[in-house]
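Below: one structure, written as structure tokens.
The values are calculated or read from the model by the stated rules, or taken from the named source; none is laboratory data. Fair warning: this is a prediction, and the values are worked out from it, not measured in the lab. Every residue, glycine among them, receives a Cβ derived from its backbone with ideal geometry; neighbour counts consider all protein chains shown.
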Amino acid sequence: MRHTKPARRTLTALLATTLLAGGVLFGQTVTAEPAAAKPITCNVKALRAEAHKERDRAARLKRDGAPAEARKALAHADALERRAKQCADADSNSKPPLWK
């Protein structure tokens with residue numbers, strides 16, 4: 001029976017570790033706030049205005065001979081436009097249907 005002693009210790013340690021890890025994870029999930037606790041709001045008009053300013057800046061940079069910075073400004077403007085479209089789509093999809 002000498003060979004069961006190391007196995008018993010190993011299994012006991014493994015069980016204790018599993019219980020501790022599970023308790024820590026469970027404790028974190030219970031106390032964490034849900035992802036939808038704060039509603040995300042965005043101003044579509046402001047995002048589009050900022051994208052327009054960024055496109056103007058890109059055009060000016062391109063005229064001045066800075067194509068790398070102009071590409072970055074255009075990429076930023078595209079990102080702002082995508083974000084504005086996402087916000088507009090989310091707003092239009094979050095309204096309740098008319099037939100309810």
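If you go through region 53-71 one residue at a time, do you hit one that is modelled with pLDDT of 95 or more, surrounded by 10 or more Cβ atoms within 10 Å (Cβ to Cβ) and in contact with a His (Cβ under 8 Å, 6 or more places away or on another chain)?
Yes.
Could you identify the single residue in Thr41, Thr31, Thr17, Thr4 that is surrounded by 10 or more Cβ atoms within 10 Å (Cβ to Cβ) and at pLDDT below 95? Let's see the steps before the verdict.
Numbers: Thr41 fails: surrounded by 10 or more Cβ atoms within 10 Å (Cβ to Cβ); Thr31 fails: surrounded by 10 or more Cβ atoms within 10 Å (Cβ to Cβ); Thr4 fails: surrounded by 10 or more Cβ atoms within 10 Å (Cβ to Cβ).
Answer to the check: Thr17.
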